[in-house]
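Before any comments, here is the structure.
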Amino acid sequence: MTPRQEGFTLVEVLVAMTLLAVSLLGLAMLFPIELRLGTSSQVAGETLRVAQKELDQIRTHAFEPSGSFTDVDGNTVDVSCSGSPGTSCGNPLTTSGDIDFSQAPAVGFSVQLTDPAGGVYSARWNITVTASEGKKILMAAKPMNPVGGISRVIQLQTLVAQ
């Protein structure tokens, strides 16, 4: 009768090390994904901030008698849109009702904005006359040269009354 040997066999150690290596490799692959998602979130947040800032100015001046105004960045912004309810002015919309970035930007209804970090964004809007003589403003913004190639369109909508 041989005495019982304590410890692990070489095969058991190799299997355990292989499982550990595979699981650590899987975890290591998550870091680039997390970095990309974090960057995407940061770009989307800054795009939203830029779009909201421009939309706030347009909403304030939506019924400007001259039909345009100069925003805080020095851009001439067109807000002229009159006619019967349903009349739409500005950038073309897709069939789903979103600003169509595949079309050229409408003159006066689009600007390029820069954030404090130097990021450049294309902001475009469309104004539709509503039945109550108000206006529906659709604002969309998209980064021009996004970090990591991530370019998500952020779209906002508001109603204003005279």
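The numbers here are math on the coordinates, done by the rules we state, and not lab data. All values reported here derive from a predicted model rather than from experimental measurement. Positions of Cβ are backbone-derived with ideal geometry, glycine not excepted, and every protein chain shown enters the neighbour counts.
If one takes the longest principal axis of the Cα atoms in the chain, at what angle in degrees, from 0 to 90 and to the nearest 10, does the Cα axis of helix 30-60 lie?
Taking the Cα atoms of the chain, the angle to 30-60 is about 10 degrees.
Residue farthest toward the positive end of the dipole of the chain, with Cβ of Lys/Arg at +1 and Asp/Glu at -1: which of Phe8, Phe101, Gly118?
Phe8
For the chain, with only Lys/Arg (+1) and Asp/Glu (-1) charged at the beta-carbon, what is the dipole magnitude about the Cα centre, in debye rounded to 20?
200
Grab the beta carbon distance between Leu10 and Ser40, set R0 = 41 Å, and tell me the FRET efficiency rounded to 0.05.
After rounding, the FRET efficiency stands at 0.35.
Quick check: the angle from helix 10-28's long axis to the longest principal axis of the chain, C-alpha only, nearest 10 degrees?
10
With springs only between Cα atoms under 10 Å apart, run a GNM on the chain and tell me which of Gln103, Gln52, Gln112 wobbles the most.
Gln103
Label the stretch 85-155 by shape, choosing from rounded, prolate and oblate, from the square roots a ≥ b ≥ c of the eigenvalues of the Cα gyration tensor; if a/c is under 1.5 it is rounded, and otherwise prolate applies when a/b is larger than b/c, oblate when it is not.
prolate
With the chain treated as a Gaussian network of Cα nodes joined by springs under 10 Å, which of Leu55, Leu14, Leu24 yields the largest mean-square fluctuation?
Leu14
For the stretch 10-160, what is the Kirkwood estimate of the hydrodynamic radius, computed as the reciprocal of the mean inverse distance between distinct Cα atoms, to one decimal in Å?
After inverting the pairwise mean of 1/r, the radius is 17.8 Å.
Nearest 0.05, what FRET efficiency do Thr114 and Ser82 give at R0 = 35 Å with Cβ-Cβ as r?
0.65
How much FRET efficiency would the formula 1/(1 + (r/R0)^6) give for Phe31 and Leu93, where r is the Cβ-Cβ distance and R0 is 45 Å, rounded to 0.05?
0.70
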